[in-house]
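The values are calculated or read from the model by the stated rules, or taken from the named source; none is laboratory data. Note that this is a predicted model, so its numbers are computed, not measured. In this analysis, Cβ positions are derived from the backbone assuming ideal geometry, glycine residues included, and neighbour counts consider all displayed protein chains. All accessible areas refer to the heavy atoms of the entire protein, side chains included, with ligands and DNA or RNA removed. Shrake-Rupley method; radii C 1.70, N 1.55, O 1.52, S 1.80 Å.
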Amino acid sequence: MCHLHAASSSPTLGPAHGRAHLTKVEARKRKAQVGRVDYALDLDLKAKSPTYRGKVTVDFDLVGAPEGLFLDFQGKRLLSATVNGEEAVLEIRKFRVALPAAALVKGRNTVVIEFENPFDKDGSGLHKATDPADGLEYVFSDCEPFNANRFFPCFDQPDLKATYAVTVTAPADWVVVANGAATAREDAGEGRARHRFARTARFSTYVIAVCAGPYKVFEDPQARIPSRILVRQSMAAYADQDEVFELTRQGFDFFEAYFGIPYPYGKYDQVFVPDYNMGAMENVACVVHSDRLLFRHAATERERRNRAVTVLHEMAHMWFGDLVTMEWWDDLWLNESFATYLATLAMVKATRFTDGFEAFRQEEKRWAYWQDELPTTHPIATEVADTVDAFTNFDGITYGKGASVLKQLSFYVGEGAFRAGVAAYLRANAHGNARLADFLAAIGEAAGKDLGDWSKTWLRTSGVNGLVPHVRVEDGKVREVRITQTPGNGDGVLRPHRVKVAAFALGPGGDPFLSRTADVTVEGDEGRADGLVGVESPAFLLVNHEDHAYAKAYLDPASLRYATENLERLPTSFLRTEVWSTVYMMVRDAQAAPMAYVDLFLAKAGRETNDKLLSALHRNVRSVLDLYLTDAQRGPAVEAVRALAAQHLPLAPAGTDLQKVWFDVMSSTSETPAALDRLLAFLDGQENVAGLVLDPERRWGLVTRLSAFGHPKAAAVLEREKLSDRSERAERAAFRARVASPDAASKSEVWVRFKGDAGDRLDLLREGMGAFYWPHQRELLRPFAARFFDEVGAVAAEKDLHFGQAFVMNLFPGLLVERSTLEQSKAFLASRQDLPAHVRRGLLERQAEIERALNVRGATV
């Protein structure tokens, strides 16, 4: 690989994006060398150009020995450089720019580097997207955890916080935003403008942001903190700015009051972009969201609620993550867990989405329980050796389990003490870095508790415990309620749990009501709910009422029987969520037959009136149908679910979210020729249901399903839809539909594209990868299992981390639930000890799901 020397007369290529990384040891050493960093970044962005140029001035104090000091840089080439005013011969070697020790001085130093880079296509670094709807170009950055150095040379580690003065020269019709407030816009000639931004407060490199393009800008006239929304021109009609601005105002009011600290960054931009790898990113004062959060249809309340929690999550980070930042990626979990928990709390306390913790149970905790039972589970607080490990730890432990444990901690010490401790922690460490120990000390001091043992058992060990109730009733009265704790998987330790145990009795009309609760602390292997002694024999008893605990909370046999037989009579959807989740957990644990869940769905889902819960049930029943049923069971079960949905679709109130969910259930289980013909009739307008509108996304979903099942009119329908919808979303959806087709030649063609050598953007490829495998295409797809194992090592090693993750998670043959697939995976892993850690982990997780599915099937056949 060639490198450019700054003094060369001809440019030489630097290294391509590969496995660049920074270790914790290297970061600590550099922290001891460098202090008080300030950047001036000047970018030159041109329309229709695959590359951009930049100039960065790095001012820093040298506080240690200069030997071995380097800047991180994954860029393409260096054009020139000076160190302390003298020309320097610098070069890119293994993604680093070494600084000459002899040219550095104790105290203040200045390094100036001019560089050129290609725009990224995988959503990281500095990415440029072209909107197929109108050909307009949009630029945005994404830098977490180690991608700021993909678009400019820097000390890319969280504890070297810096200030940033940014200047961007771009086409005159482009809008440019960055972390700092705009201070000037100057004519740069040739139809271009120069945008200058104020030097920022001090923050970490991973939250720097630059966004540029012909964005449509919306300003909130009601905001006390200047707030804007930026969206692509083709998506401007779907900005939903009134709702997003309302959430933003509500969020600021809540967080400023909760933390007792005013918002520290002056203005607040939210930029909605395509091709984004994550849901959103908490860049200081310039949050970037995936524009999947903008809806081209009448969005359901569930979709709006999910958007609300994302908006609030990123805002929470302005204090917890940006104002106070972890020293190293060991404490990434605390950033993400805290934002997840506080966003949910803000949603419940400050917005109309008062069912936020119900959504948390259905989404985040479901993810956490799934992740925590995999062989790759790990403690919440774990050692992170390098930035690749940091990337790998953006998972259900870091988000879902960590947030669940913080919720438990708040309940354990008391909400008031938790809040006071958080505020003290933020005040003490504002604009700096901190460690987990600092956070726990602040909470412990506010609560008057030593959290050392709590921290060891909850944060330094892995696995999920079980809480099992044992109820003794005599003479119609409760005489004893014991909650026993099982060690579960992982490290198998017993943890302290504070739970609320609830007893439900039957009212005069036979409907259950909450009769009494008991606050119980389970320490060691048992806890007692003495507060329930003497209560009339309950219809059922719930161990984890209000979901404060992170544990697999079971129902006693009598409660399970009553609750499942009377699901529709349970008084709240949160309560019904707990019961449904328990049955699904029992299926995954091979304690109940998978058909038991399907039968329960067929018997009770039609009586569910909460569309959000029904949507969660739909997801779970699809998993049971596709993974846990045998071939003999699956066909009839799928058709039975479809028939149930078809029955309830016209019965649901017209135009409601419940109606939309039933339509989604029906369409996702349509597999027979007659059922597929009915989907075609909906697309053609020959069949209608009063109040149901087929929005663009649902239309494309039907097209994909027709294509996947080889409907004779699928190809013609696909071309027709492409003509009527030329958006970027349609481009992805059309590719997805094409990939789904049961045609061997087409599958082989797209498989080659999936390896990423044809220049396709990752967002498009990821969309197609997700539609490659279908349960009914097993024989067609079997050869691709072998191709996957032949090629995954090379693809993952050569491509960006996000690319490798997408390839592994989507193209592993997870729907080939067969012993041969499991043995193939095990043999591959045994033979390839050289696999990158993030690839090995992904393969182990996908392999574990096959093993679980085989165990569940084996327990019932």
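Structural remarks
- One chain, two ends: Ala745 and Ala181. Fully extended at 0.36 nm per residue, the span grows by 197.7 nm beyond their Cα-Cα distance.
- Per-residue ³J(HN,Hα) for segment 45-61, Karplus 6.51 cos²θ - 1.76 cosθ + 1.60, θ = phi - 60°, Hz, x for Gly and Pro: 10, 10, 5, 6, 10, x, 10, 9, 10, x, 9, 10, 10, 10, 9, 7, 8
- Annotation: per residue accessible area for segment 333-375 equals 26 Å², rounded to a whole number [probe 1.4 Å, protein chains only].
- Placed amide H near Glu480: partners under 5 Å, 5+ positions off or other chain: Arg472
- For segment 578-608, backbone nitrogen atoms closer than 20 Å to the point 7 Å from Ser515 Cα along Cα-to-C-beta are found at 579.
- Among the protein heavy atoms of the chain, carbon and sulfur supply 52% of the accessible surface, probe 1.4 Å, non-protein parts ignored.
- Of the chymotrypsin sites (Phe, Trp or Tyr not before Pro) found in segment 716-773, not one falls in a DSSP loop while having at most 12 other beta-carbon atoms within 10 Å.
- Within the chain: Cβ-based charge dipole about Cα centre, in debye rounded to nearest 20 (Lys, Arg +1; Asp, Glu -1): 440
- Rounded to the nearest 20 debye, dipole of segment 290-333 from Cβ charges on Lys, Arg, Asp, Glu: 520
- Note that segment 411-554 presents 42 Å² accessible area per residue, ligands and nucleic acids not counted, probe 1.4 Å.
- Between Gln647 and Ala505, the contour length at 0.36 nm per residue exceeds the Cα-Cα span by 47.8 nm.
- Between segment 582-652 and segment 135-191, the Cα center-to-center distance that results, in Å: 49
- Antiparallel bridges, percent of DSSP beta bridges restricted to the chain (to nearest 5): 80
- FRET efficiency, 1/(1 + (r/R0)^6) with R0 45 Å, evaluated for Glu87 and Val493 via beta carbons: 0.15
- Nitroxide proxy distance, nm - points 7 Å out along Cα→Cβ at Ala632 and Ile225: 6.1
- Hz values of 3J(HN,Hα) by residue in segment 262-273 - Karplus curve (6.51, -1.76, 1.60), Gly and Pro given as x: x, 4, x, 10, x, 10, 8, 9, 10, 10, 9, 10
- Residue-wise HN-Hα couplings along segment 197-209, as the Karplus relation 6.51 cos²θ - 1.76 cosθ + 1.60 with θ = phi - 60° gives them from phi, are 10, 4, 5, 8, 5, 7, 8, 6, 4, 6, 10, 6, 8 Hz; Gly and Pro carry x.
- Under 19 Å from Lys799, Cα to Cα: lysines that are on another chain or at least 8 residues apart: Lys76, Lys94, Lys121, Lys128, Lys755
- Among [x] 46; [y] 43; [z] 52, the entry derived from the coordinates for percent of Cα pairs over 39 Å apart: [y]
- Coil-residue trypsin sites (Lys or Arg not before Pro) of segment 49-154, DSSP, other Cβ within 10 Å capped at 15: Lys94, Lys106
- Report summary: the helix-based calculation at 222 nm, which adds -39500 (n - 2.57) for every DSSP H run with n ≥ 4 and divides by the residues of the chain, gives -13000 deg cm²/dmol.
- Label separation (Glu243 vs Ala654): 2.3 nm, computed from points 7 Å beyond Cα along the C-beta direction.
- Axial C-alpha extent at least 24 Å, average Kyte-Doolittle at least -0.5 - helices from the chain (DSSP): 241-259, 332-350, 631-648, 778-798
- Put a dot 7 Å past the Cα of Arg619, heading toward its Cβ, do the same for Ala98, and the two dots end up 5.0 nm apart.
- With at most 16 neighbouring Cβ atoms within 10 Å, loop GluC sites (Glu not before Pro) (DSSP) excluded, longest segment of the chain: 384-686
- Amide H contacts for Phe540 (H built 1.01 Å from N in the peptide plane; partners 5 or more residues away or on another chain; cut-off under 5 Å): Phe504.
- Zone residues, segment 819-845, relative to Ala385, backbone N less than 20 Å from point 7 Å out along Cα-to-Cβ: 829-845
- Per residue, the solvent-accessible area of segment 693-812 (1.4 Å probe, heavy atoms of protein chains only, all protein chains present) comes to 38 Å².
- Length released on extending from Ser820 to Asp450, taking residue separation times 0.36 nm less the Cα-Cα span: 128.1 nm
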